[in-house]
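See structure below.
The values are calculated or read from the model by the stated rules, or taken from the named source; none is laboratory data. What you are looking at is a predicted structure, and each value in this text was computed from that prediction instead of being measured. Cβ placement follows ideal geometry from the backbone for every residue including glycine, while neighbour counts extend to all protein chains displayed. Each accessible area value is taken on the protein alone, full model and side chains, heavy atoms only, with ligands, DNA and RNA left out. Shrake-Rupley method; radii C 1.70, N 1.55, O 1.52, S 1.80 Å.
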Amino acid sequence: MLKFIRGKGHQPSAERQRVQRELFNFKKTVHHGFPNKPSALAWDPTLRLMAIGTTSGVIKVIGKPGVEFYGQHQNSESAVTKIVFLPNQGRLVTLCADNSIHLWEINEVNGESTLEETRIQSLEGKLKKISAWHLESSNEHLLLGTEGGNIYLLNVKTFEMAETIIYQDVVMQNVPEDYKKNPGAVEAIAEQPGDPDRILIGYSRGLMVLWNRKKPGADQTYISNQQLESVCWHSSGKKFATSHNDGSYAFWDVDVGDKPTEEPTTLYGPFACKAVTKFVWKPASKDDYMLFSGGMPRSSYSDRHTISVLHGKKHVVFDFTSKVIDFFVIDAVPKESEGSNEGTDGSPEPPEALIVLAEEELIAIDLKSDDWLQLTLPYLAPLHGSAITCVHHVSNVPETLWNKLVAAGKEKTRSTFSDREWPIDGGHFEEDKKETNGETNEETANETAEVGGKDLLLTGHEDGSVRFWDSNGISLKLLYKFSSAELFTSEEGVDSPVANGTNQEEEEEEWPPFRKVGTFDPYSDDPRLAVKKICLCPQSGILAVAGTAGHIVVARIGSEPQADGEIIPGTPELKVITMNIVCDRDGFVWKGHDQLSLRKTQLVDNQTPAGFVASSVLQLHPPAAVTSLALHAQWGLVAAGTAHGLALFDYKRAKPVLTKCTLNPNDLSGAGDAPISRRKSFKKSLRESFRRLRKGRSQRNPAGEKRGSAAGSSSPGGPSDRKRKDPASGSGEVAVGDAAVASSPTSPASTSGMAAPLSPVEARPIERQVEARPLEDSLGSMVRCLSFARSFIVSAQTTTPTLWAGTNNGTVFVFTITVPNWKKRMEEDVSCQLGKEIQLKHRAPVISITVVDGSAVPLPEPLEIENGIAPQPDNSAPHKVLICSEEQFKLFSLPSLKPLGKLKLTAHEGARVRRVGYARFYAPHSAQSTSTPYSETCLLSLTNLGDLIVLSLPDLRRQLVSSCIRREDINGISSLAFTRFGEAFYLHSSSELQRVTLSATKVTKTNCSLKLPEGARPTEATSEPVTSPVGDRDLPAEEEDKGVVLEGVVKGEASEESKDQDCSAPSSEAVAANDVKPELPKPTVNGDVDEVKNKDSSVESHVEMGKVIKKIEVTTTVLDSPKENGGNIEDEDLHELTGDITIDSVKDHLISSMNEDAKIIERKTEKFEMSTSKMESSVIVKTTTISSSEVATVVNSTGETVGQDESPNRTEALPSRSVLNEISAAKRHMMARAPLAIMEDLEEIV
């Protein structure tokens, strides 16, 4: 009974809940890496910002390092196809695959600059599919070329379609007869430099027309024999260039339209070539720069993705490993004159850089350098240059190690990368600003120093490389790359440096002059090189890398380069050791892959001693993939586990210490085919039969307790924390499997009881029956986790170095280690022996083993105490060990190994643990009265359902449960890595890492802003963010919560002209004019209710009923409810009457409007009781005109005539028979769709 009471738990106090809010808060912060599947690129030369759009509707606007704005289109399934900046306005326009046009603005909201979607416009119809567009130099209109050949004008200020249309039939009047019939879609539009009235229109079949918009008429016609791909003007405006689908490009004189000035150039001909998709012509002082994408010969290089750059005699073809999406050229920054980039002699300066957006990476080429080297990326680095196989985070990196990594990274890339500054430098970034519950103070900075100054993110890759990333800011920057593949050779020998050098020389001599650029390389020479586990000791600079072929590379940091560039020698000799794990299994035969072969010649000269240098290589046999790895730099030991057992290696002396085979000695090839076992005994079958009967009774019991979802529980003691009673028995606790502890490996594992399953009506999955697994379970010998700890395992008085190992079948091995004194460390051997063994009854895989001190804080990492980073562990109370399996967490005391407490996750939640970590959470200084900030150390876990759980130590109570990753995202769940301060990283896509935080104080966020000059952005375009589209219109964000929607009201403020003029009924001419515009909804006139198309499915079902209700309600409010200050509804914002159309919101709004004043209610009641004939006597029709020229009609349902003295606006009496007929028809329509309660409300009003 006491156990049952304790299991119920107590609800946290108000003080504890306040502390929880100050400590824990889940939030997805920033994305790291390269955007997944990019599809569009744009450049703002004035503000120096770059924008990237993706196929999932994501928009990223990027400036200098740290400046990043993120936006998401409402339709995430529609790809972004085109982007254009409105220069110097902090605004951009995007075109999506569904032919919708979106206006985005960078605005400051609540002190933070965000990217907001403000306007939406679209063209409907197949012939109106936008194929090309161009922004006028005056920034007034956006020219939209369509598949049908017409060109529409979009007013950028109002974001409305202009009445002017350049029809294809008009343009085709003076062209040859062959092109009049079908010139094709508009392929390109370009305004002539120096003459904004003339635009060059290019059609897909090769016809080009220089159109004079001032006449209007065609000034010149140009005809090409090949299909047109792009056009580009020369800065002088006297000539232009075109590119075509046969791989050629041509130059044209504006005044000569018969043929180009020279014959079209097929640079890589004469055989058939691929299309030149884009051509850029940049003038320079001596020779012009010409850049184009594509044009490769189809027969030999059709699979190459290239951009060719020509400057005089210099010619380079940049070869990319993925498809080129788009590119742009950054002009040189003007030094003296801001309006021109011309040099001192008046000639234009050469371009500064070439920015290329490929499908898998971003590449920048320094065009000012002699060799056109690549620029180092400060952000958007391709994390997936080689497929990521593991992720590891390291905190508290000392300054010495950090400087060595930075220096080594620069040394390795000195010959291939330029040291010029990054050219995209728009926006402002505040480096010192930190977020702490919305506050910024000095205490937060001190706390950040406590948390650790430098953080490293290590990623292991398929090609055997380990990359070190700076993870302190919002953008990941590559610091250093360590390649373990340099130590091994494949069977083909393709990774030989000599062979690679020969291939490069041959490539330089061939034509075209290719140059490989970019770091994305998805192909691995040997899959056995893939990195599986990484361990790094930042205090000692020791790195351990484990791979797929059972190899472990131990490397140490080299010396730092001197000021003169020389490197201190001292490369250690590489030692190779082989350890056989299955040496005591005589009949074992390995049938997997072979181990990797080491190089015969050591690559000492090719390694960079300033970086990590391999000192020893441990090869395990069988060469199976390493599944767990542990490093203790202070003892000089490395432990590695595989599917067959574990090995302990002394890397300081390069000697093996211990091997332990975990294979079942009775595990024969046919062991799993036994006809019957103890688990399938007759007694067990009877027990399961009775439980099935009890399960049926509990499901038939309607009064069974319903358990809440754990994802919604954010505090301890919630429904998910409590023990469940058996509804059939009425009382008592359901028995669930426990753990059995034994001091010898011969301890039998008894079968545990099973929990009663949950009702299928519950939201969570059915409760899992945690029971003992069969002994012959496959892969049960796999070592899942390894951990070093110095704790009380032999006696309670002295601590002993130990090694803990957990296997896939729930077995925990405890080894005691004898490490010689540091003075004799290099002379005496390290000894290790098995001390104890723990067997979990439910035999769930053990994924984490951690020893905590008397204060329930995990023991510090090696050398952290010596370097003053961590305090001494608390030995005043006994140590404890926390064993985390996939199904439960259990705490044992040391050295007795007595169970102290547990949390059964799978039995209660139906989830399995996938990742475990420990973090220290800090509260703001105001949370406690002490001088030091309050903090707690908690256990973090990720389940297979994608939920993140924070548990307190040592009582294992839930502090926070949040849904983080979709349960279908297997890659994201398996790649998650926790940090020591409450953050986590996981693969959001193949190329992006999502960063999340569980801490309320440790939040990584963008602290950037965009400062615009005064008057840069037109005030007419200022509007509110788009949140809910209705038809072709959009409603402001605050209108979502309102109860009714007013017809004719569109997003945006009313113009001054419409605010001052009188509101009256529209004339027939105005109605006809409004009907002509396809993009505007048809107004309601004289009670005619027209159907409004709504994109939101939730609104569709109630739209017609909402039209009638909103008319009645609005008119009653306007004419029957005078305001307290004597004003009418016209003086108020019309947005107050708009919102989502729902039955409940309309009902609530009607009731609230009728209860405003008792006198008004009386008056309404009298009017509702009037006869039908009196209601037909007079009807008032009121119209309101908004800036979009739409008309809203409201009807006075009371039938009272209002004179000029009662309303400041002019009114007109019209027959109301059609209005009443419409209302009656709407009532009959609602009777079939609306609840009876709503019908009664309508009858009372009408």
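Can you find even one residue in segment 901-909 that is modelled with pLDDT under 95, more than 20 Å from ILE849 (Cα to Cα) and either open to solvent by 20 Å² or more (accessible area, probe 1.4 Å) or touching a Leu at 6+ places or on another chain (Cβ under 6 Å) (or both)?
no
Keeping to segment 978-999, report how many residues are of a type outside the set (S, T, N, Q) and open to solvent by 10 Å² or more (accessible area, probe 1.4 Å). So that I can check it myself, show each step before the final result.
Taking segment 978-999 and keeping what is of a type outside the set (S, T, N, Q), we get 978, 980-988, 992-993, 995-996, 998.
Subsequent filtering for residues that are open to solvent by 10 Å² or more (accessible area, probe 1.4 Å) retains 978, 980-981, 987-988, 992.
Residues flagged as of a type outside the set (S, T, N, Q) and open to solvent by 10 Å² or more (accessible area, probe 1.4 Å) within segment 978-999 amount to 6.
Search segment 462-473 for residues being out of contact with any Pro (no Cβ under 9 Å at 6 or more places or on another chain), open to solvent by 10 Å² or more (accessible area, probe 1.4 Å) and in a loop (DSSP other than H, G, I, E, B), and hand back the single one that is farthest from SER990 (Cα to Cα).
Kept after step one, since they are out of contact with any Pro (no Cβ under 9 Å at 6 or more places or on another chain), are these residues of segment 462-473: 463-472.
Next, from what is left, pick out any that are open to solvent by 10 Å² or more (accessible area, probe 1.4 Å): 463, 467, 470, 472.
This time we only want the ones that are in a loop (DSSP other than H, G, I, E, B), so: 463, 472.
Details: ASP463: 16, ASN472: 22 Å.
Ranking the qualifying residues of segment 462-473, first place goes to ASN472.
Go through ASP495, ASP521 for me and flag whichever is under 30 Å from TYR301 (Cα atoms), part of a loop (DSSP other than H, G, I, E, B), at pLDDT below 95 and touching a helix residue (DSSP H, G or I) at 6+ places or on another chain (Cβ under 8 Å). Reasoning before the result, please.
Values: ASP521 fails: touching a helix residue (DSSP H, G or I) at 6+ places or on another chain (Cβ under 8 Å).
That would be ASP495, the only listed residue that is under 30 Å from TYR301 (Cα atoms), part of a loop (DSSP other than H, G, I, E, B), at pLDDT below 95 and touching a helix residue (DSSP H, G or I) at 6+ places or on another chain (Cβ under 8 Å).
Among the numbered criteria (1) over 22 Å from ASP366 (Cα atoms); (2) charged (D, E, K, R); (3) crowded, with 18+ Cβ neighbours inside 10 Å, which single criterion is violated by ARG298?
Going through the list (1) over 22 Å from ASP366 (Cα atoms); (2) charged (D, E, K, R); (3) crowded, with 18+ Cβ neighbours inside 10 Å, ARG298 breaks only (3).
Taking ASP246, is it outside any strand (DSSP E or B), loosely packed, with under 15 Cβ neighbours inside 10 Å and without any contact (Cβ under 8 Å) to a residue 40 or more places away in the chain?
no
May I ask you to list the residues in segment 608-644 that are under 18 Å from ILE849 (Cβ atoms) and part of a loop (DSSP other than H, G, I, E, B)? Talk me through it step by step, then tell me what you get.
Taking segment 608-644 and keeping what is under 18 Å from ILE849 (Cβ atoms), we get 626-632, 635, 637-642.
Matches in segment 608-644: VAL626, THR627, TRP635, THR642.
So that you can scan it fast, the table gives a plain yes or no per residue for (1) more than 21 Å from ASP319 (Cα to Cα); (2) among the hydroxyl-bearing types (Ser, Thr, Tyr):
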position: CYS232; (1), (2): yes, no
position: SER236; (1), (2): yes, yes
position: THR242; (1), (2): yes, yes
position: ASP246; (1), (2): no, no
position: GLY257; (1), (2): yes, no
position: TYR268; (1), (2): no, yes
position: THR277; (1), (2): no, yes
position: LYS286; (1), (2): yes, no
position: LEU291; (1), (2): no, no
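Given the structure, is TYR934 open to solvent by 20 Å² or more (accessible area, probe 1.4 Å), at pLDDT below 95 and touching an Asp or Glu at 6+ places or on another chain (Cβ under 7 Å)? Full working, then the answer.
On the way: open to solvent by 20 Å² or more (accessible area, probe 1.4 Å): yes; at pLDDT below 95: yes; touching an Asp or Glu at 6+ places or on another chain (Cβ under 7 Å): no.
Judged against the criteria, TYR934 is not a match.
Considering only segment 301-343, how many residues are open to solvent by less than 40 Å² (accessible area, probe 1.4 Å), at pLDDT below 90 and part of a strand (DSSP E or B)?
Of the residues in segment 301-343, 0 are open to solvent by less than 40 Å² (accessible area, probe 1.4 Å), at pLDDT below 90 and part of a strand (DSSP E or B).
Can CYS785 be described as free of Cβ contacts under 8 Å to residues at least 60 places away in the same chain, buried (at least 23 other Cβ atoms within 10 Å of the Cβ) and on the phi < 0 side of the Ramachandran plot?
The answer is no for CYS785.
Is there any pair with a first residue in segment 511-536 that is more than 23 Å from PHE612 (Cα to Cα) and a second that is part of a loop (DSSP other than H, G, I, E, B) and not hydroxyl-bearing (Ser, Thr, Tyr) whose Cβ atoms are under 6 Å apart and which are 6 or more apart or on different chains, and what are they?
Qualifying pairs under 6 Å: GLY518/GLU361.
What number of residues within segment 397-434 satisfy the criterion of being under 23 Å from ASN1007 (Cα atoms), open to solvent by less than 50 Å² (accessible area, probe 1.4 Å) and touching a Gly at 6+ places or on another chain (Cβ under 9 Å)? Quick ask: steps written out before the conclusion?
Of all residues in segment 397-434, those under 23 Å from ASN1007 (Cα atoms) come to 421-434.
Then keep just the ones that are open to solvent by less than 50 Å² (accessible area, probe 1.4 Å); that gives 422-424, 426-427.
If we keep only those that are touching a Gly at 6+ places or on another chain (Cβ under 9 Å) too, we end up with 424, 426-427.
Going through segment 397-434 one residue at a time, the tally reaches 3.
Among the residues of segment 834-849, count how many are open to solvent by 20 Å² or more (accessible area, probe 1.4 Å) and either part of a loop (DSSP other than H, G, I, E, B) or in contact with a Leu (Cβ under 8 Å, 6 or more places away or on another chain) (or both).
First, the residues of segment 834-849 that are open to solvent by 20 Å² or more (accessible area, probe 1.4 Å): 834-837, 839, 841, 843, 847.
With either part of a loop (DSSP other than H, G, I, E, B) or in contact with a Leu (Cβ under 8 Å, 6 or more places away or on another chain) (or both) added as a condition, the list becomes 836, 841, 843.
Residues meeting the conditions: 3.
Does segment 641-689 hold any residues that are surrounded by 11 or more Cβ atoms within 10 Å (Cβ to Cβ), over 30 Å from PHE815 (Cα atoms) and at pLDDT 60 or above, and which are they?
Scanning segment 641-689 gives LYS684, ARG687, GLU688.
Hey, any hits in segment 81-103 for a residue that's part of a loop (DSSP other than H, G, I, E, B), of a type in the set (Ser, Thr, Tyr) and open to solvent by less than 30 Å² (accessible area, probe 1.4 Å)? Steps first, answer last, please.
Quick first cut of segment 81-103, residues part of a loop (DSSP other than H, G, I, E, B) only: 87-90, 97-99.
Still in the list and also of a type in the set (Ser, Thr, Tyr): none.
Taking every residue of segment 81-103 in turn, none turns out to be part of a loop (DSSP other than H, G, I, E, B), of a type in the set (Ser, Thr, Tyr) and open to solvent by less than 30 Å² (accessible area, probe 1.4 Å).
Hey, does segment 249-262 have a residue that's under 41 Å from the mean Cα position of the chain (by Cα), of a type in the set (A, V, I, L, M), crowded, with 19+ Cβ neighbours inside 10 Å and in a strand (DSSP E or B)? I'd like the intermediate steps shown before the answer.
Start the filter on segment 249-262 by keeping residues that are under 41 Å from the mean Cα position of the chain (by Cα), which leaves 249.
When the remaining residues are screened for being of a type in the set (A, V, I, L, M), the result is none.
No, there is no match, as no residue in segment 249-262 is under 41 Å from the mean Cα position of the chain (by Cα), of a type in the set (A, V, I, L, M), crowded, with 19+ Cβ neighbours inside 10 Å and in a strand (DSSP E or B).
Scan GLU1047, GLU1040 and give me the residue that is of a type in the set (Asp, Glu), assigned to a loop (DSSP other than H, G, I, E, B) and at pLDDT below 50. If you could, list the steps in order and put the result at the bottom.
On the way: GLU1040 fails: assigned to a loop (DSSP other than H, G, I, E, B).
Step by step, each of GLU1047, GLU1040 is checked, and only GLU1047 is of a type in the set (Asp, Glu), assigned to a loop (DSSP other than H, G, I, E, B) and at pLDDT below 50.
Tally the residues that are open to solvent by 20 Å² or more (accessible area, probe 1.4 Å) and of a type outside the set (D, E, K, R), restricting the search to segment 963-974.
Keep residues of segment 963-974 that are open to solvent by 20 Å² or more (accessible area, probe 1.4 Å), which gives 963, 966-971, 974.
Checking which are of a type outside the set (D, E, K, R) leaves us with 963, 970-971, 974.
Residues flagged as open to solvent by 20 Å² or more (accessible area, probe 1.4 Å) and of a type outside the set (D, E, K, R) within segment 963-974 amount to 4.
What's the number of the only condition in (1) open to solvent by less than 10 Å² (accessible area, probe 1.4 Å); (2) under 39 Å from the mean Cα position of the chain (by Cα) that GLY237 fails to meet?
Failed condition: (2).
Counting just the residues of segment 818-828 that are farther than 13 Å from ILE793 by Cβ, surrounded by 12 or more Cβ atoms within 10 Å (Cβ to Cβ) and touching a residue at least 12 places away in the same chain (Cβ under 8 Å), which one comes out farthest from the chain's Cα centre (by Cα)? So that I can check it myself, show each step before the final result.
Within segment 818-828, the subset farther than 13 Å from ILE793 by Cβ is 819-828.
Checking which are surrounded by 12 or more Cβ atoms within 10 Å (Cβ to Cβ) leaves us with 819-820, 825, 828.
From the residues that got through so far, the ones that are touching a residue at least 12 places away in the same chain (Cβ under 8 Å) too are 819, 825.
On the way: VAL819: 46, ARG825: 49 Å.
Filtering first and then ranking leaves ARG825.
When you check VAL812 against the structure, is it over 15 Å from PRO895 (Cβ atoms) and touching a Gly at 6+ places or on another chain (Cβ under 6 Å), yes or no?
On the way: over 15 Å from PRO895 (Cβ atoms): no; touching a Gly at 6+ places or on another chain (Cβ under 6 Å): yes.
Considered against the rule, which asks whether it is over 15 Å from PRO895 (Cβ atoms) and touching a Gly at 6+ places or on another chain (Cβ under 6 Å), VAL812 comes out as no.
Considering every residue within segment 809-817, establish whether at least one is at pLDDT below 95, open to solvent by 30 Å² or more (accessible area, probe 1.4 Å), touching a Ser or Thr at 6+ places or on another chain (Cβ under 8 Å) and outside any strand (DSSP E or B).
Yes, that holds for at least one residue.
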